[in-house]
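Trainee: The structure is given below, and queries will be raised subsequently.
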Amino acid sequence: MLPSKMPIYCATTPVDLRRSFDGLAASAREVLGKDPRSGALFLFVNKAGDRLKALWWDRTGYCLLYKRLERGVFRFPSALRPGDMTVAVEATEFAKILEGLDLAKATTASIGVLHRKTAAPETLPSSR
C-alpha cells in the first residue's frame with residue numbers, strides 16, 4: 001500500500017490526536033510547512049508518546065493509521081537543532097518506530113531535518 005520511496009516526515013512536537021483526516025492535514029500544512037497531498041507520509045505522536053497517527057494521500061483520498069503501544073512510548077528521532085519541526089526518516093526507520101523501537105539503539109541511519117520553524121517548548125520523548 002505504501003510506496004517504498006515515499007518521503008516520511010516526523011513531527012517533532014506532540015499533536016492532539018483527537019484530530020482526524022482534515023485536522024492532521026492542517027497540521028502538516030500549517031505546523032510542518034508541507035503539502036499534505038504531496039504523497040508524503042506524516043507521523044504525529046501524542047503528548048504521552050504512546051499513540052501515533054500516520055497520515056498520507058494516495059491520489060484518491062487521505063489514509064490514516066492509528067497505533068497505540070500497550071507498553072512504552074514511540075521514539076521519534078530527535079531534532080538536529082532547536083526549533084526543527086520536522087525530521088525525515090527512511091521506510092525502514094518508520095517500521096522500527098511503529099514497533100516502538102528506539103532508533104538510536106537500533107541501527108544508525110540517515111535522518112535529516114527538512115523543515116525549520118520555531119518550536120513550542122514542549123517536545124516529544126527523545127531517543128536519548
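Trainee: Which of the following residues is within 14 Å of the chain's Cα centre (by Cα) and either closer than 20 Å to L103 by Cβ or not in a strand (DSSP E or B) (or both): T60, T86? Even if it seems obvious, please write down each step before you answer.
Mentor: Numbers: T60 fails: within 14 Å of the chain's Cα centre (by Cα).
Answer to the selection: T86.
Trainee: I've got another one for you. Considering region 1-44 alone, what residues qualify as being in a helix (DSSP H, G or I), charged (D, E, K, R) and within 18 Å of Y66 (Cα to Cα)?
Mentor: In the first step, residues of region 1-44 are kept if they are in a helix (DSSP H, G or I); the result is 21-30.
After this cut, where a residue has to be charged (D, E, K, R) as well, the list is 22, 29-30.
The one that is in a helix (DSSP H, G or I), charged (D, E, K, R) and within 18 Å of Y66 (Cα to Cα): D22.
Trainee: Can I ask one more? Of all residues in region 63-83, how many are assigned to a loop (DSSP other than H, G, I, E, B) and hydroxyl-bearing (S, T, Y)?
Mentor: As a first pass, look at region 63-83 and keep what is assigned to a loop (DSSP other than H, G, I, E, B): 69-83.
Adding the requirement that they be hydroxyl-bearing (S, T, Y) leaves 78.
Total meeting the criteria: 1.
Trainee: For residues that are surrounded by 18 or more Cβ atoms within 10 Å (Cβ to Cβ) and either assigned to a strand (DSSP E or B) or acidic (D, E) (or both), tally how many sit in region 91-101.
Mentor: 1
Trainee: Against the condition modelled with pLDDT under 90 and buried (at least 18 other Cβ atoms within 10 Å of the Cβ), how does P77 come out, does it pass? Give the steps one after another, and end with the answer.
Mentor: Working: modelled with pLDDT under 90: yes; buried (at least 18 other Cβ atoms within 10 Å of the Cβ): yes.
Yes; evaluated as a whole, the condition is true for this residue.
Trainee: Can you pull out every residue in region 19-71 that is of a type outside the set (A, V, I, L, M), touching a residue at least 40 places away in the same chain (Cβ under 8 Å) and under 17 Å from F94 (Cα atoms)?
Mentor: Result: G49, W56, C63, Y66.
The values are calculated or read from the model by the stated rules, or taken from the named source; none is laboratory data. Please read these numbers as outputs of a predicted model, since none were measured by experiment. Because the Cβ atoms are built from the backbone with ideal geometry, glycine has one as well, and the counts that use them run over all protein chains shown.
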